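So the structure is just underneath, and the comments pick up after that.
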Amino acid sequence: MGDPRRLHKKYKTPTKLWDKSRLEEELHLIGEYGLRNKREIWRHRTYLSKIRQQGRQIQASAPEQQVEAKEKLVKRAQRLGLLEAGQQSIDDILNLTLRDLCNRRLQTFVYKKGLAKSVSQARQLITHKHIAIDGQIVDSPSHLVTKSEEVLLTYAPNSPFSKNDHPMRLQIDAAKEPASVNNKEADKE
């Protein structure tokens, strides 16, 4: 189990720290997904590499062992929402990218669901315990949202944001309306 006072890193750092293309890509990801620092990217990259490593090990194993291990890995990836229902091959798992994993973060879901105006505000709402999944407060922006949790994502019951007349909710709703009105006008033309 290990000593709780001696925590271990959950990520691996890149071998080339000053690779220009990787630095630019990471900077873009930080801006797009509202990540706090590069360690969050490295943690997700390490998690993704472990999933892909399992896929490669399954491909290299004996055919009779492949079936059960492949089903487990595919079901896990589908439960996390990394794979769609029709995707059931190891190649689909090996083709997963860091963006696929970042799209499953709670912070991204709060923003895309319209509970926050920006990804930065989504992170703030989560850390200030205004977001709940099925009534249970979740305060980790990097929480990976499963398929079953997607529809259960709301404001926390005791949060002031849960009231429809909260000033910030009115601003968020007002920001959503012009986009839908513009889309309707574009459809008419």
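Among all residue pairs at least 6 apart or on different chains, which show Cβ distances below 8 Å where the first residue, located in segment 149-166, is more than 11 Å from LYS113 (Cα to Cα) and the second is part of a helix (DSSP H, G or I) and among the charged types (D, E, K, R)?
PHE161/ARG169; LYS163/ARG169
Can you name every residue in segment 116-155 that is surrounded by 13 or more Cβ atoms within 10 Å (Cβ to Cβ) and either at positive phi or among the acidic types (Asp, Glu) (or both)?
LYS129, ASP139, GLU149, GLU150, listed by residue number.
Of the numbered conditions (1) closer than 26 Å to LEU83 by Cα; (2) in a helix (DSSP H, G or I); (3) among the hydroxyl-bearing types (Ser, Thr, Tyr), TYR11 fails exactly one; give the number of that condition.
In the conditions (1) closer than 26 Å to LEU83 by Cα; (2) in a helix (DSSP H, G or I); (3) among the hydroxyl-bearing types (Ser, Thr, Tyr), TYR11 misses (2) alone.
Would a scan of segment 55-73 turn up a residue that is surrounded by 11 or more Cβ atoms within 10 Å (Cβ to Cβ), outside the structural domain of SER120 (by TED's automatic domain parsing) and under 30 Å from HIS130 (Cα atoms)?
No; the residues of segment 55-73 include none that is surrounded by 11 or more Cβ atoms within 10 Å (Cβ to Cβ), outside the structural domain of SER120 (by TED's automatic domain parsing) and under 30 Å from HIS130 (Cα atoms).
I'm checking my understanding of the structure. Among residues of segment 101-115 that are in contact (Cβ under 8 Å) with a residue 40 or more places away in the chain and of a type in the set (Lys, Arg), which one is surrounded by the fewest Cβ atoms within 10 Å (Cβ to Cβ)?
LYS113
So which residues in segment 98-132 are assigned to a loop (DSSP other than H, G, I, E, B) and under 13 Å from GLU32 (Cβ atoms), if there are any at all?
ASN103, SER118
Taking ARG43, is it under 27 Å from ALA122 (Cβ atoms), touching a residue at least 40 places away in the same chain (Cβ under 8 Å) and touching a Lys or Arg at 6+ places or on another chain (Cβ under 6 Å)?
Answer is yes for this residue.
Here are some residues: ILE137, ILE133, ILE126. Which one is touching a Lys or Arg at 6+ places or on another chain (Cβ under 8 Å) and modelled with pLDDT of 95 or more?
Selected residue: ILE137, the only one of ILE137, ILE133, ILE126 that is touching a Lys or Arg at 6+ places or on another chain (Cβ under 8 Å) and modelled with pLDDT of 95 or more.
The values are calculated or read from the model by the stated rules, or taken from the named source; none is laboratory data. These numbers were taken from a predicted model, which means no experiment stands behind them. We place every Cβ from the backbone using ideal geometry, glycine too, and count neighbours over all the protein chains shown.
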